[in-house]
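What follows is one structure encoded as structure tokens, with my remarks underneath.
Every number in this text was worked out from the coordinates using simple rules, so none of it is lab data. Note that this is a predicted model, so its numbers are computed, not measured. Note that we place each Cβ from the backbone using ideal geometry, even for glycine, and neighbour counts take in every protein chain shown.
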Amino acid sequence: MKKQTAAMDTIAYVSDLLLSNMYICVEGAKAIVIDPFACGSAFDDLDKKHIDIDCVFLTHEHYDHISGVNWLKERYPGSTVICSKNCAIGMANPKINYSRYFDSFAELISFGECKAIKTTVEDYKCYPDMTFEKEDLIEWQGNKIILNETPGHSRGSIFINVDDKLLFSGDTIFKDFPIQTKFIGGSIKDFNMITKPFINTIQKDIRVMPGHLGPFFLNESYDH
Amino acid sequence: MTDKEKLAMLEEIFEMDEGSLKATDKLDKLDCWDSMAALSLIVLVSDNFGKKLTGAMIEDFVTIQDVLNVME
């Protein structure tokens, strides 16, 4: 499912896997991808326009947000997959990234528009090309992309802030739901001690692009 | 493993007080029973008993005894 967002040159694609969002941001003939899943039509569109993938960012290590990493790396071997060091640890471990349990869980869970589904998922591992700890700054096509660790939902969670305009927040903040910290590596203490104070430093009118469901402004978030 | 030990494992993942869970308790009457508790149960049974719980199996659980029965 393809959804045009309000933000410039950013398109959200919604996966069948718990309705997770993949975002593609295009700038000229280059693009970045956030939380990829295998979606031929999305990338066929880019190929037709001769748009290449520079970077792939991962908001956290859970399977519904990393399922397309290996698929995408095969298709765009020159792309660079970037995530936190802790995310990389989880990506390589089917227990921590939940691929081992994903099909059972997908049969049960429902929230918002997300309905339980039957799927078959094998143990899944993938690996980044580049990792960071705490914070990193990437200059890309004239845009300033700031990566910050935001533990709480998972140990490897991050925010991806593009030009103080868009905040790709993974599963850390939602408009209508509180953060879920009961996953392996999740920690309400880390969220309250590290991530929540950090969120309070971000301008409130930034557009939040969450890992599931639709965008909202930071001052509309549930944990605001 | 005894039922008492299994109940202790369930109390831990359900974040319940020690000794508060009984085999006769109905899952849908537990305040803690939600999709995240179900996921924790899936992980517990997989990692400790080598069994894969399906969504259908979990939906068929009525009492804690039903859960104890698969923890073997």
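Each of A:Phe57, A:Pro215, A:Phe177 was scored by the projection of its Cα onto the charge dipole of chain A, and the greatest displacement toward the positive side belongs to A:Phe177; charges sit on the C-beta of Lys, Arg, Asp and Glu. Annotation note: GluC sites (Glu not before Pro) in segment B:1-63 located in DSSP loop regions with a Cβ neighbour count of at most 15 within 10 Å are B:Glu15, B:Glu18. In this Cβ point-charge picture (+1 for Lys and Arg, -1 for Asp and Glu), segment A:143-224 has a dipole of about 120 debye about its Cα centre. Net charge of the neighbourhood of B:Leu30, taken over other residues with C-beta under 12 Å away and scored Lys/Arg +1, Asp/Glu -1, is -3. Neighbouring Cβ atoms from other chains, within 10 Å of the Cβ of residues in A:98-108, number 6 on average. When only Cα pairs below 8 angstrom with a gap of at least 6 residues are kept, segment B:3-70 shows a relative contact order of 37 percent.
Peptides A:181-194, A:127-140, A:151-164, A:86-99, ordered by how many other C-beta atoms sit within 10 Å of their residues on average, highest first, read A:151-164, A:86-99, A:181-194, A:127-140. When you filter the trypsin sites (Lys or Arg not before Pro) in segment A:14-85 for DSSP loop state and at most 11 other Cβ atoms inside 10 Å of their Cβ, you are left with A:Lys49. Given +1 at the Cβ of Lys and Arg, -1 at the Cβ of Asp and Glu and no other charges, the dipole of segment B:3-70 around its Cα centre is 280 debye to the nearest 20. A cut-off under 13 angstrom between Cβ atoms defines the neighbours of A:Ile146, and their net charge, with Lys, Arg +1 and Asp, Glu -1, is -3. For segment A:74-224, with the dipole built from +1 on Lys and Arg beta-carbon atoms and -1 on Asp and Glu ones, taken about the Cα centre, which of A:Gly78, A:Ala92, A:Tyr127 lies farthest toward the positive end? Working it through, the farthest residue towards the positive pole turns out to be A:Ala92. With the charge dipole of segment B:3-70 set up from +1 on Lys and Arg Cβ and -1 on Asp and Glu Cβ about the Cα centre, the Cα lying farthest toward the positive end among the listed residues B:Leu27, B:Leu10, B:Ala56 is that of B:Ala56.
About its Cα centre, the dipole of chain A is roughly 340 debye, where the only charges are +1 on Lys and Arg Cβ and -1 on Asp and Glu Cβ.
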